[in-house]
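Read the structure below first, then the notes.
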Amino acid sequence: MRFSSLVERISGERVAAWDIHYAAHAARARGEDVILLSVGDPDFDSPEIATEAAVAALRGGDSHYTEVAGRAGLRTAIARLHAARSGQHVDPDNVVLASGAQNGLFAAFQCLVEAGDEVIVPEPMYLTYEATVRASGATLVPVAQSASTGWRLDAAAIERAIGPATRAVLFSNPSNPTGAVCSLAELEALARLAVAHDLWVVADEVYGSLTYEAPHVSIAALPGMAQRTVTVNSLSKSHAMTGWRVGWTISPAPLAAHIETLALCMLYGLPGFIQEGAIAALEHGDAAAAEMRAVYRRRRDVAVERLSRIPGLKCAPPEGGMFMLLDVRGLGLTATEFAWQLFRATGVSVLDAAAFGESAAGHVRLSFVVDEAVLADAADRIERFVRGLAAAPRTAAL
């Protein structure tokens, strides 16, 4: 059988990075003692008010087709959320719902770029960005950010990568996987480049509500950027609603119309009862979201304190999100070897961060989606594993 060339554009080593997570998930399903730190699925329940609203809507017969772009009430609630964060008015008509932020990214790039175009992405980058860009036919141009600077957004490096075919810049803020939060000065430098070179900017702000010391700034709020920015967000992380699949894009009206047309082909609207739950989460779930942020910050501090004292490991406190990168280059193992040997020896699963970009080679990504006691247990297991490496012969990675 012959397949489209699309299957080649959406596959690759980044997809294979999930193998260790799938293995860990299967082991836990078999009843084995596994601690999953390889995925960003919050361990919190969704806000009760959202669940009750969705159940009430479903029992009330809210199980029919809905508006493709989303119900006016939800789009208005999303516009208010982003206006509160950015300080600028957001038109609800510029909001288009998606089945998760990743679906929104996919739709945006299908409408923005095509074969021959280039999209610059600072790396380390989220695993699926490459397939998302390549599915449109465009070429992804990675621009390495340095671990020595805390993975800061390097506008000068991005400027050097801009060429005649450059059409857009895609970045996450806060970053998945590094946890770096862009400063106002860094965003202003990127905005100047976008305006000077007439580029689109696609800002993945899924972790925008999960910042700790550094405040989150939306690049769309900067002068001249609203008309050239696509902001992507969701309720998955901010309200622990990963399985609800509520995401959205905010973009200039002409682009929003095109994204809505694509949504007509792909989704034909999110379920109404899901949208009612999402409205409740946005209008009444602030307390739950604030508590989650406080818990994630405590977990981050536990992980940094426990892991920083292990000889051979290096870690820096992430400024946002629910992930951190752990530098394992001092152990004499590749990150792939470290991840698989750690899992097989201790049941702790982490991801080889090279899948997020070559600049993250020698690092692994771990998440804070387990409670503090379990996270401390995971740190103890990692410490025992690392201290045992010097006394044990080196084994095969896979």
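The values are calculated or read from the model by the stated rules, or taken from the named source; none is laboratory data. For clarity, every value in this text was computed on a predicted model and none was experimentally measured. Ideal geometry is used to build each Cβ from the backbone, glycine not excepted, and the neighbour counts take in all protein chains shown.
Here are some notes:
- Filter result for I274 (at pLDDT 95 or above, within 21 Å of the chain's Cα centre (by Cα), within 30 Å of S63 (Cβ to Cβ) and not small (G, A, S)): no
- Where helices (runs of 4 or more DSSP H) fall wholly inside the range 129-198, the ranges with 2 or more residues that are more than 21 Å from S218 (Cβ to Cβ) and either without any contact (Cβ under 8 Å) to a residue 24 or more places away in the chain or among the charged types (D, E, K, R) (or both) are 129-135, 155-161.
- Among the residues of the range 94-116, not a single one is without any contact (Cβ under 8 Å) to a residue 60 or more places away in the chain, touching a Phe, Trp or Tyr at 6+ places or on another chain (Cβ under 6 Å) and not assigned by TED's automatic domain parsing to the domain that holds P318.
- For the criterion of being surrounded by 18 or more Cβ atoms within 10 Å (Cβ to Cβ) and out of contact with any Cys (no Cβ under 7 Å at 6 or more places or on another chain), A79 passes.
- Qualifying residue in the range 194-204 (condition: more than 25 Å from G272 (Cβ to Cβ), in contact with a His (Cβ under 9 Å, 6 or more places away or on another chain) and buried (at least 24 other Cβ atoms within 10 Å of the Cβ)): no
- Verdict on P174 being in the same structural domain as M225 (by TED's automatic domain parsing), crowded, with 24+ Cβ neighbours inside 10 Å and in contact with a strand residue (DSSP E or B) (Cβ under 6 Å, 6 or more places away or on another chain): yes
Listed here are the residues, each with its yes/no results for (1) within 23 Å of the chain's Cα centre (by Cα); (2) within 20 Å of D154 (Cβ to Cβ).
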| position | (1), (2) |
| --- | --- |
| D327 | yes, yes |
| G330 | no, no |
| V350 | yes, no |
| S359 | yes, yes |
| H363 | yes, yes |
| S367 | yes, no |
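- Applying the condition of being of a type in the set (D, E) and in a helix (DSSP H, G or I) to the range 355-385 and asking which residue is surrounded by the fewest Cβ atoms within 10 Å (Cβ to Cβ) yields E358.
- Beta carbons closer than 9 Å, at least 6 apart along the sequence or on distinct chains, pair a first residue in the range 257-283 that is at positive phi with a second that is polar (S, T, N, Q) and assigned to a helix (DSSP H, G or I) for G269/Q275.
- Some residue of the range 75-89 being under 16 Å from V201 (Cα atoms), more than 19 Å from the chain's Cα centre (by Cα) and at pLDDT 95 or above: no
- Residue list for the range 237-260, restricted to those being among the hydroxyl-bearing types (S, T, Y) and modelled with pLDDT of 95 or more: T249, S251
- Of all the listed residues (G137, G150), the sole one being farther than 26 Å from L326 by Cβ, outside the structural domain of R329 (by TED's automatic domain parsing) and modelled with pLDDT under 95 is G137.
- Which listed residue is among the β-branched types (V, I, T), over 17 Å from the mean Cα position of the chain (by Cα), buried (at least 20 other Cβ atoms within 10 Å of the Cβ) and farther than 30 Å from V68 by Cα, from V119, V143: V143
Yes/no per residue for (1) free of Cβ contacts under 8 Å to residues at least 12 places away in the same chain; (2) assigned by TED's automatic domain parsing to the domain that holds L140; (3) of a type in the set (A, V, I, L, M, F, W, C):
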{"site": "I10", "(1), (2), (3)": "no, no, yes"}
{"site": "A17", "(1), (2), (3)": "no, no, yes"}
{"site": "H21", "(1), (2), (3)": "no, no, no"}
{"site": "R30", "(1), (2), (3)": "yes, no, no"}
{"site": "I35", "(1), (2), (3)": "no, no, yes"}
{"site": "S38", "(1), (2), (3)": "no, no, no"}
{"site": "A53", "(1), (2), (3)": "no, yes, yes"}
{"site": "A56", "(1), (2), (3)": "no, yes, yes"}
{"site": "D62", "(1), (2), (3)": "no, yes, no"}
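- Selected residue (only one of A135, A168, A147 is out of contact with any strand residue (DSSP E or B) (no Cβ under 8 Å at 6 or more places or on another chain) and not hydroxyl-bearing (S, T, Y)): A135
- Subset of the range 82-93 [surrounded by fewer than 18 Cβ atoms within 10 Å (Cβ to Cβ) and in contact (Cβ under 8 Å) with a residue 60 or more places away in the chain]: G87, Q88, D91, D93
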